[in-house]
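*Asks:* The structure follows.
The values are calculated or read from the model by the stated rules, or taken from the named source; none is laboratory data. These figures come from a predicted structure and were not determined experimentally. FYI the Cβ positions are ideal-geometry reconstructions off the backbone, even for glycines, and counts take in every protein chain you see.
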Amino acid sequence: MDDGFLASNPGLASRFSRHVTFPDYSFEELVTIVRQHADASGYTCAADVSQALLAFFQAQPRDQSFGNARLAR
């Protein structure tokens, strides 16, 4: 949960005693997610498409706006 969200209400933080952090997917995992979605829709990704996707994901900033798998979908 976003720390800013919890800070917006003083009583809110006390209701969430545990924080779970999920690491971001690797660049290769993001490519796999795209390929799996393509396969499920009846499409096939050529090797050059996978390489282009990898370069695309590597170029994306991993800041607060990074969408993780949302970017791959």
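*Asks:* Looking at Thr21, Thr32, which one is part of a helix (DSSP H, G or I), of a type in the set (S, T, N, Q) and out of contact with any helix residue (DSSP H, G or I) (no Cβ under 8 Å at 6 or more places or on another chain)? Quick ask: steps written out before the conclusion?
*Replies:* Numbers: Thr21 fails: part of a helix (DSSP H, G or I).
Result of the check over Thr21, Thr32: Thr32.
*Asks:* Being touching a Phe, Trp or Tyr at 6+ places or on another chain (Cβ under 8 Å), part of a loop (DSSP other than H, G, I, E, B) and not hydroxyl-bearing (Ser, Thr, Tyr) is the requirement here; does Asp63 meet it? Break it down into steps so the answer makes sense when it comes.
*Replies:* On the way: touching a Phe, Trp or Tyr at 6+ places or on another chain (Cβ under 8 Å): no; part of a loop (DSSP other than H, G, I, E, B): yes; not hydroxyl-bearing (Ser, Thr, Tyr): yes.
For Asp63, the condition - touching a Phe, Trp or Tyr at 6+ places or on another chain (Cβ under 8 Å), part of a loop (DSSP other than H, G, I, E, B) and not hydroxyl-bearing (Ser, Thr, Tyr) - is not met.
*Asks:* Something else now. Can you name the residue in the range 1-53 that is polar (S, T, N, Q) and loosely packed, with under 10 Cβ neighbours inside 10 Å and is also modelled with the highest pLDDT among such residues?
*Replies:* Ser41
*Asks:* Let me ask something additional. List every residue pair whose Cβ atoms lie under 6 Å apart, where the two residues are 6 or more positions apart in sequence or sit on different chains, the first residue falls within the range 2-31 and is within 17 Å of Ala69 (Cα to Cα), and the second residue, located anywhere, is of a type in the set (Phe, Trp, Tyr).
*Replies:* Taking only residues 6 or more apart or on different chains, the pairs are Phe27/Phe57; Leu30/Phe57.
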